[in-house]
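The block underneath contains the structure these notes are about, expressed in structure tokens.
The values are calculated or read from the model by the stated rules, or taken from the named source; none is laboratory data. Fair warning: this is a prediction, and the values are worked out from it, not measured in the lab. FYI the Cβ positions are ideal-geometry reconstructions off the backbone, even for glycines, and counts take in every protein chain you see.
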């Protein structure tokens, strides 16, 4: 039996674990790795979110900045492209250098979509995918109830305090380095032990800052600073993350390690051919105890999830 949790997301509580909770992805970006540009238009993004909910998504995750390999992520002024080593600032900020998505751009992308979804479907549960405390605060004011931070609350020094004040749900994800550094990261040794240790440390820091455990979900960050070979131990030993005593989310959908595993003629499978690999990986994660699956293809994932739930 996978663990069951009551996730306090502010105005309501979600039961996690009795069945798999599905988070549908809405990327309001021109350059996301899987669907960049498809939902960059506000109305297209809103319609897509409504369709994902009709397909079975209980949560909609709205993001306005790409974190694909090679993305220009604004952290401490160190911004580059994939394959270039950069110096990490000792005091990271959420302010970008030239070429990155600015705070205003991110707000202009996500707020109209959040407001539009809530206007069309007031009961919708919305998550905002951001590492900026200011965007998190504005998104919650617009109707979001969850903040999904790929940096583990580390890139913006105000994020932990802001989330404690907002009393919303929060997702703490693990990432090694930044996207522009991923190709040059040294081997971590035992990747599972490293991710568990760092998630525990970052969780402890969040709790010390005033956040409540019942509001936090953990995500080991498949593909985020982990190379092809390192993702499968994370999946095989996923049940070990239950030692951290928090609900667990998995974002595996269409990831490059799946594309490489089902490569054809020496080339990684293209995005549109990764669905069956995605379904297999998501099923494995559920059977190892994942309470939330974050996915692009909600309708296609639902049948596999229903069968996995009968086992899990």
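Overview of values
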| read-out | value |
| --- | --- |
| Flag for residue 70 being in contact with a helix residue (DSSP H, G or I) (Cβ under 7 Å, 6 or more places away or on another chain), at pLDDT below 95 and closer than 30 Å to residue 185 by Cα | yes |
| Residue in segment 214-229 that is in contact with a strand residue (DSSP E or B) (Cβ under 8 Å, 6 or more places away or on another chain) and more than 26 Å from residue 281 (Cβ to Cβ) present | yes |
| Residue match in segment 264-271 (condition: buried (at least 17 other Cβ atoms within 10 Å of the Cβ) and touching a strand residue (DSSP E or B) at 6+ places or on another chain (Cβ under 9 Å)) | no |
| Every residue from segment 290-312 that is within 19 Å of the chain's Cα centre (by Cα) and free of Cβ contacts under 8 Å to residues at least 60 places away in the same chain | 297 |
| Residue match in segment 248-258 (condition: crowded, with 16+ Cβ neighbours inside 10 Å, at pLDDT below 95, assigned to a helix (DSSP H, G or I) and touching a helix residue (DSSP H, G or I) at 6+ places or on another chain (Cβ under 7 Å)) | yes |
| Criterion: part of a helix (DSSP H, G or I) and in contact with a strand residue (DSSP E or B) (Cβ under 9 Å, 6 or more places away or on another chain) - qualifying residue of 278, 283 | 278 |
| Of all residues in segment 293-307 being part of a helix (DSSP H, G or I) and touching a strand residue (DSSP E or B) at 6+ places or on another chain (Cβ under 9 Å), the one that is nearest to residue 28 (Cα to Cα) | 298 |
| Segment 238-247, residues that are in a loop (DSSP other than H, G, I, E, B) and crowded, with 17+ Cβ neighbours inside 10 Å | 246, 247 |
| Residue check, residue 124 touching a helix residue (DSSP H, G or I) at 6+ places or on another chain (Cβ under 6 Å), crowded, with 16+ Cβ neighbours inside 10 Å, at negative phi and modelled with pLDDT of 95 or more | yes |
| Residues being in a helix (DSSP H, G or I) and at pLDDT 80 or above - total across segment 259-272 | 3 |
| Criterion (in a helix (DSSP H, G or I), in contact with a helix residue (DSSP H, G or I) (Cβ under 6 Å, 6 or more places away or on another chain) and free of Cβ contacts under 8 Å to residues at least 60 places away in the same chain) met by exactly one of 105, 115 | 115 |
| Residues (surrounded by fewer than 21 Cβ atoms within 10 Å (Cβ to Cβ) and closer than 21 Å to residue 220 by Cα) located in segment 284-302 | 284, 287, 288, 289, 297 |
| Within segment 303-312, considering residues that are surrounded by fewer than 18 Cβ atoms within 10 Å (Cβ to Cβ) and under 21 Å from residue 60 (Cα atoms), the one modelled with the lowest pLDDT | 303 |
